[in-house]
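Take a look at the structure set out below.
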Amino acid sequence: MSRIEQLIDEIEEYIDSCKYQPLSTTKILVNKEELEELLVELRLRVPDEIKQYQKIISNQEAILSEARSQADNMVAEATAQTNELVNQHEIMQKAYASANEIIEQANGQAQAIVDNAVNDANNIRQGAVQYTDDMLRSLQTIINHTMEGARGRFDGFLTSLQSSYDIVSTNRNELAGGIVQEAPGEDRPQE
């Protein structure tokens, strides 16, 4: 298991261990610092693992180089055999045909080796890209979940604030009915 996968597991365990917000079964309270530490480490780890996959992909050149070298050796061997057979006058035609056949076989084998090496390298690269995409999708899901939780807490706060505001407004309106104001121009009775 890679360190990135371990970090994702730790983030999921951390989220599962968080306490629920009072009066809620879906919203949790998250320690921002702990979650940020895990996310920072995850960000730092992603490039290291991508470098490892790039090293694997870079070995593609070594495999191709070895395949070319083997093919060149086979062609050189076939050429040497052809030259030797050509020097033998009585079997010259037979040698020429045999040499061509060996060269074709060598080229076919060399091409098969090169094709296999290219396919292996492409599969490794595709696997690395898919793995990175899976890790980023997991991270995106965690961030989205965190944003939804924060949005829910903010909405709850606004609802609570609006309720308090409505109560204050209602109380003021009730008090306003008990306050008697003098109309302009009216005199108070004198005692």
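For the criterion of being at pLDDT 85 or above, surrounded by 10 or more Cβ atoms within 10 Å (Cβ to Cβ) and either in contact with a helix residue (DSSP H, G or I) (Cβ under 9 Å, 6 or more places away or on another chain) or assigned to a helix (DSSP H, G or I) (or both), ALA176 fails. For ASN59, are the conditions met, namely being open to solvent by 50 Å² or more (accessible area, probe 1.4 Å) and either within 28 Å of MET135 (Cα to Cα) or not in a helix (DSSP H, G or I) (or both)? So ASN59 passes the test. Just one residue in the set THR170, THR132, THR159 is modelled with pLDDT of 90 or more, of a type outside the set (Gly, Ala, Ser) and farther than 24 Å from GLN21 by Cβ; that residue is THR170. What do you reckon, is LEU44 open to solvent by 80 Å² or more (accessible area, probe 1.4 Å), among the aliphatic types (A, V, I, L, M) and over 30 Å from PHE154 (Cα atoms)? Yes; evaluated as a whole, the condition is true for this residue.
The values are calculated or read from the model by the stated rules, or taken from the named source; none is laboratory data. All values derive from a computational prediction rather than experimental measurement. Virtual Cβ from ideal backbone geometry, glycine too; neighbours counted across all protein chains shown. Please note that ligands, DNA and RNA were not included when accessible areas were found on the heavy atoms of the full protein model with its side chains. Shrake-Rupley method; radii C 1.70, N 1.55, O 1.52, S 1.80 Å.
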